[in-house]
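The structure appears right after this line, and notes come after that.
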Amino acid sequence: MIINLFDLEKEFPNKLPDAIEGYYSSGARDEVTLKRNRSIFDEYELLPKFLKDVSNINTKTKILNLEIDSPILLAPVAMQQMAHADGELGTAKAANKFNTIMTHSTIANFGIDDLSPVHDKLFFQLYFSKDRDFTKNILIKCKKKNYKAIVFTVDAPRLGTRERDERSSFKMPDNLKLGNFIGTKFENFNNIENLEGSSMSIHSDHLFDPTLTFEIIEWIKEVSELPVLVKGILRPDDAQNALNHGADGIIISNHGGRQLDTAVPTLKQIEPIRKQIGNEPLLIVDGGIRRGTDILKCIALGANAVQIGRPLLWGLNHSGQSGVELVLDIINKELIESMTLSGCRDIGEIDRDLVLINR
Ligand SMILES: Cc1cc2nc3c(=O)[nH]c(=O)nc-3n(C[C@H](O)[C@H](O)[C@H](O)COP(=O)(O)O)c2cc1C
């Protein structure tokens, strides 16, 4: 029986080839950050408020002027068709049904032309290629196809090593395509003979540009003519710097524990980053969010919204688009329960004094 997201996680390894499950589930090196992203939620305790007439709970909120039904967004996750043929198209349709935002990964199986007709609240996640023309063309296309923001991932000047992928010589199955690369020089990205180690670490040499500095945020804004959110920030000074260079929001993330192992768990950094940047700037967080109470804690500490990554893969693998809808249904209902039981009638009432930090 599927009651919570962990029930879906448990099914996941039984239904996929080892190498693919390893790519989706693993973290970098010893996976310390991967585990800490989750375990830290237990160190933060809730202090509920009562007798507040909680007969009506409203989870609606606004992100970059987009009105959405809940503060739970879908994080950019690469190559979703390895989990189910519906892939990113199913995820986008599920996001549309739940009126929330989905971020489309650069290395998705479906391209911008596929997703833009099915959902009008899409962000595009940018891996900034060394090939400026490729990057420029994709940014211009996002604006043309009605994407609402660029999510610029900064925590990947190169790929963090996921040792399970090295051991399995992980490679995307040959029958799948990368939709955003069709017709570009990266089209044959996946044709590698005699692979030793993970194909992802070979690709990252082409796809990531380690020379970038904060000034590039202005360039991305100028070329795309869209708001830019900077994803992968863990420090208050980096958050401030990004905003000083024109960022329209910050996404606190350690890439789900897949880049620098032993990097700080994200929950811990919400409050210091919010303190640094002040009340106004948009602040989103991801990493290990699986329960309604996790979302309550993130928002109480200063986030405007949260993102989920791996759970959408568990849903897709379970039953395609309807599995992603199941994930969104479960976690949204848990959020409503948590708000009801803690005396928060709307997102604005989720205050700092709801959380005690028990360290
Ligand atoms: C299999 C997988 C692929 C991912 N692909 C991307 C990507 O293409 N771009 C990106 O910015 N983040 C990517 N991420 C990171 C997610 O956007 C997000 O930060 C992370 O998954 C959140 O943690 P969670 O999985 O614990 O919810 C990926 C994560 C996973 C698990």
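Note on the stretch 11-34: among residues that are touching a Phe, Trp or Tyr at 6+ places or on another chain (Cβ under 9 Å) and not small (Gly, Ala, Ser), the one that is surrounded by the most Cβ atoms within 10 Å (Cβ to Cβ) is Tyr23. Taking the stretch 311-320 as the range and being buried (at least 20 other Cβ atoms within 10 Å of the Cβ) and over 17 Å from Asp69 (Cβ atoms) as the test, the residues that pass are Pro311, Leu313, Trp314, Gly315, Leu316, Asn317, His318, Gly320.
Quick one: Ala75 ticks every box in (1) within 15 Å of the ligand (Cβ to nearest atom); (2) farther than 23 Å from Gly292 by Cα; (3) in contact with an Asp or Glu (Cβ under 6 Å, 6 or more places away or on another chain) except a single one, so which number is it? Only one criterion is unmet by Ala75, namely (2). Count of the stretch 124-154 residues, restricted to those that are within 11 Å of the ligand (Cβ to nearest atom) and either in contact with a Gly (Cβ under 7 Å, 6 or more places away or on another chain) or more than 22 Å from Gly232 (Cα to Cα) (or both), is 2. So, Asn332, is that one assigned to a helix (DSSP H, G or I), touching a Lys or Arg at 6+ places or on another chain (Cβ under 6 Å) and within 16 Å of the ligand (Cβ to nearest atom) or not? Considered against the rule, which asks whether it is assigned to a helix (DSSP H, G or I), touching a Lys or Arg at 6+ places or on another chain (Cβ under 6 Å) and within 16 Å of the ligand (Cβ to nearest atom), Asn332 comes out as no.
When Lys62, Lys121 are checked against the criterion of being under 17 Å from the mean Cα position of the chain (by Cα), within 18 Å of Ile150 (Cα to Cα) and either hydroxyl-bearing (Ser, Thr, Tyr) or more than 16 Å from the ligand (Cβ to nearest atom) (or both), Lys121 stands alone in meeting it.
Against the numbered list (1) within 15 Å of Ser199 (Cβ to Cβ); (2) among the aromatic types (Phe, Trp, Tyr); (3) in contact with a strand residue (DSSP E or B) (Cβ under 7 Å, 6 or more places away or on another chain), Phe170 comes up short only at (3).
Can you confirm whether the stretch 203-225 contains a residue that is over 22 Å from the mean Cα position of the chain (by Cα), modelled with pLDDT under 95 and farther than 29 Å from Gly246 by Cβ? No; the residues of the stretch 203-225 include none that is over 22 Å from the mean Cα position of the chain (by Cα), modelled with pLDDT under 95 and farther than 29 Å from Gly246 by Cβ.
The values are calculated or read from the model by the stated rules, or taken from the named source; none is laboratory data. Worth saying up front: this structure is predicted, and the values here are computed from it rather than measured. So basically every Cβ, Gly included, is an ideal-geometry build from the backbone, and we count neighbours across all protein chains shown.
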